[in-house]
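**Q** This is the structure I want to talk about, given as structure tokens.
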Amino acid sequence: MALNSYRKCKAPFNYEAWSTDRKYGLRIPSNVLQKILQQCSSSGTNETGGIIVGYYTRRRDCAIVTDCSGPPKDSKFGSNYFRRGVKGLQKWLMNLWNVTKRRYYLGEWHFHPFANPQPSRIDINQLEKNAKSKSYYCPEPIMFIIGGDPKNNWSCRTLLYIKGKGLTELYRQWEDSLK
């Protein structure tokens with residue numbers, strides 16, 4: 001897997017990543033990306049994370065992120081680990097499910113402070129476990145990992161677990177935009 005390069009994050013922009021065959025994509029609008037980066041920045045030298053929610057395009061080839069959670073209050077974290085808790089997530093997700101434009105659990109995001117966004121074996125195992133869990137209702141979950149310095153130079157990786165195929169990386173494309 002190739003490492004996505006660093007990007008300065010001074011202006012708002014949208015994040016987009018696709019598999020090499022363009023069958024699977026992810027879009028994160030600038031406002032959600034900035035929210036994630038702010039949470040990374042607030043965590044200092046500790047790992048942090050949460051979940052990403054949204055919907056799929058009509059062709060079901062691209063997940064569109066509409067929001068993210070921060071770390072639930074019962075999360076466990078340190079300088080080189082993060083175990084996402086669950087406190088408050090069920091209520092938040094139910095509220096998103098019960099609106100006219102339903103939003104779904106799409107996957108996880110987390111932060112490797114001042115380090116590469118290289119997924120650990122624990123990260124990969126968690127992604128596979130989430131894909132197989134009936135309680136997530138998400139057979140193809142996404143993992144978005146931020147690494148580096150969220151205030152200056154950071155990098156990211158996007159992984160997707162595809163049922164029957166395993167792990168696939170989505171490679172980024174940037175759209176400079178104020179949208």
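What follows is calculated from the coordinates using simple rules that are stated; it is not laboratory data. Note that the coordinates shown come from a computational prediction; the quantities given were computed from them, not determined experimentally. Cβ: placed from backbone, ideal geometry, glycine included. Neighbour counts: every protein chain shown.
**Q** Sort out which residues of segment 54-113 are polar (S, T, N, Q), assigned to a loop (DSSP other than H, G, I, E, B) and over 23 Å from Ser19 (Cβ atoms), and write them in order of number. It would help to see each step written out before you state the result.
**A** Within segment 54-113, the first condition is being polar (S, T, N, Q), and the residues that meet it are 57, 66, 69, 75, 79-80, 90, 95, 98, 100.
Next, from what is left, pick out any that are assigned to a loop (DSSP other than H, G, I, E, B): 57, 69, 75, 79-80, 98, 100.
If the condition is that a residue be polar (S, T, N, Q), assigned to a loop (DSSP other than H, G, I, E, B) and over 23 Å from Ser19 (Cβ atoms), then Ser69, Ser75, Ser79, Asn80, Asn98, Thr100 are the ones that fit.
**Q** Return the pairs, sorted by first residue and then second, in which the second residue is surrounded by fewer than 19 Cβ atoms within 10 Å (Cβ to Cβ) and hydroxyl-bearing (Ser, Thr, Tyr), the first residue lies in segment 117-128 and is within 14 Å of Phe82 (Cβ to Cβ), the beta carbons are less than 8 Å apart, and the residues are 6+ apart or on different chains.
**A** Filtered contacts from segment 117-128: Ile122/Tyr81.
**Q** Related question: Criterion first (assigned to a strand (DSSP E or B) and touching an Asp or Glu at 6+ places or on another chain (Cβ under 7 Å)) does Phe144 satisfy it? Walk me through it before giving the result.
**A** Numbers: assigned to a strand (DSSP E or B): yes; touching an Asp or Glu at 6+ places or on another chain (Cβ under 7 Å): no.
Considered against the rule, which asks whether it is assigned to a strand (DSSP E or B) and touching an Asp or Glu at 6+ places or on another chain (Cβ under 7 Å), Phe144 comes out as no.
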